[in-house]
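Remarks on the structure that follows.
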Amino acid sequence: MSTDVNAVLLIPLEITAAMIAAGTTVPVVDSSVGEVAWSNSTAYVVDDQVNHADSLWDAIADNTGVEPGTDAKKWFRAGPSNRMAAFDSELNTVTRRAGEIKYVVRPDFFTGIGLWGMSGEHLNIKIYDEPGGNVVEEYDADLWEQAAGLYELLFMPLKRRTQHYMQNLPLYPAAEVHISITAAGGAMCEVALISIGHWDTLVGAGTWGGTEYDAEAEIKGYSYLKREEDGTVTRKRRGSANNVNCTVVVPADEGNRAAELLHLVQGRPVAFIASGLPRYEYLNGFGDVSGTVRAAGPNHAAITLRIEGAVQGAKQ
């Protein structure tokens, strides 16, 4: 990730099943994670689950020949299929695959990529100018943090990297993106979210401004805790979210543009990077963005942002 990123939002494209091309290792119906295709001749009973139209459906009433999605009294949508879980704008639905997760995607024009909730040993991203064409951008690295010092290198387990961003990517009308997460020995690989779209900065075209100090990240847990009268505690582990609060300063003539950008992202979760510097990675968030734009002086505007982080770490 480039260190000059400052106060940017990744506006996502909608990735549809039609954009996922041959070479993808996650099948449409993934039997390796227990998925079964819906059949119009099968008699289903309550709690049966099927894969149909890129979603998982739970039978809530006995039925035969009733297509999921056509009768809310027969079927309940439980979530995306394993193949589409990485593209559903949520962090608590995860694509899983032993040994390798590989996606070949043909989106529309895009300038940025973000990945969250990765688990594996190695990440490779190749961007081709067209299917079967030339590689115009590539990233290849292990999914491990560098040791902070000799003690950490010798005695402490290395931390896994779970997210990665790419920005300022070249524009091509028929680009093809290859994303591969691998692990040796057939170990399980995971990715919670792949977002492909356009980075848009709140700083605008000005030569100054950006995220101010005193920005904060609130790690909010949703685990269930019940304390009994005798002092014992019942715990049920659930997911958590990374909520970010910060203020971004921009030139006064960028205030209108900042307000328009905040309107644009309402109602859909997006990625936010407060700073590209590695030491501020905890200020990066993914979730629902809200904020205010204030005329803080004759020459600048202040944007107060609240990123309500999407829940991650919960089971599908």
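General remarks:
- Inspection of the range 252-273 finds no residue satisfying the criterion of being without any contact (Cβ under 8 Å) to a residue 24 or more places away in the chain, of a type outside the set (F, W, Y), open to solvent by 80 Å² or more (accessible area, probe 1.4 Å) and touching a strand residue (DSSP E or B) at 6+ places or on another chain (Cβ under 6 Å).
- Screening N51 on (1) of a type outside the set (A, V, I, L, M); (2) at pLDDT 95 or above; (3) touching a helix residue (DSSP H, G or I) at 6+ places or on another chain (Cβ under 8 Å); (4) open to solvent by less than 50 Å² (accessible area, probe 1.4 Å) shows it passes everything except condition (3).
- Any hit, the range 113-123, residues being hydrophobic (A, V, I, L, M, F, W, C), within 19 Å of G23 (Cα to Cα), open to solvent by 10 Å² or more (accessible area, probe 1.4 Å) and in a strand (DSSP E or B): no
- Taking the conditions (1) out of contact with any helix residue (DSSP H, G or I) (no Cβ under 8 Å at 6 or more places or on another chain); (2) not in a strand (DSSP E or B) in turn, A7 satisfies each one other than (2).
- All positions within the range 57-74 that are open to solvent by less than 60 Å² (accessible area, probe 1.4 Å) and either touching an Asp or Glu at 6+ places or on another chain (Cβ under 7 Å) or among the acidic types (D, E) (or both): D58, A59, D71
- Residue in the range 81-100 that is assigned to a loop (DSSP other than H, G, I, E, B), in contact with a Phe, Trp or Tyr (Cβ under 8 Å, 6 or more places away or on another chain) and open to solvent by 40 Å² or more (accessible area, probe 1.4 Å) present: no
- Cβ-Cβ distances below 6 Å connect the following pairs, each with a first residue in the range 211-231 that is closer than 30 Å to H300 by Cα, a second residue that is open to solvent by 100 Å² or more (accessible area, probe 1.4 Å), and a separation of six or more residues or different chains: A217/Y282.
- If you check V66, V46, V50 for being part of a loop (DSSP other than H, G, I, E, B), in contact with a strand residue (DSSP E or B) (Cβ under 6 Å, 6 or more places away or on another chain) and either of a type in the set (F, W, Y) or free of Cβ contacts under 8 Å to residues at least 60 places away in the same chain (or both), only one passes: V46.
- Looking at the range 173-237, the strands (runs of 3 or more DSSP E) lying wholly inside it that each contain 1 or more residues that are in contact with an Asp or Glu (Cβ under 6 Å, 6 or more places away or on another chain) and open to solvent by 40 Å² or more (accessible area, probe 1.4 Å) sit at 176-182.
- Scanning the range 1-43 for residues that are more than 21 Å from E100 (Cα to Cα), without any contact (Cβ under 8 Å) to a residue 12 or more places away in the chain and small (G, A, S), we see that the one that is least open to solvent (accessible area, probe 1.4 Å) is S39.
The values are calculated or read from the model by the stated rules, or taken from the named source; none is laboratory data. Here the structure is a predicted model, which means the values were calculated and not measured. Positions of Cβ are generated from backbone atoms using ideal geometry, with glycine treated the same way; all protein chains shown enter the neighbour counts. Ligands, DNA and RNA are excluded from the accessible area calculation, which covers all protein heavy atoms including side chains. Shrake-Rupley method; radii C 1.70, N 1.55, O 1.52, S 1.80 Å.
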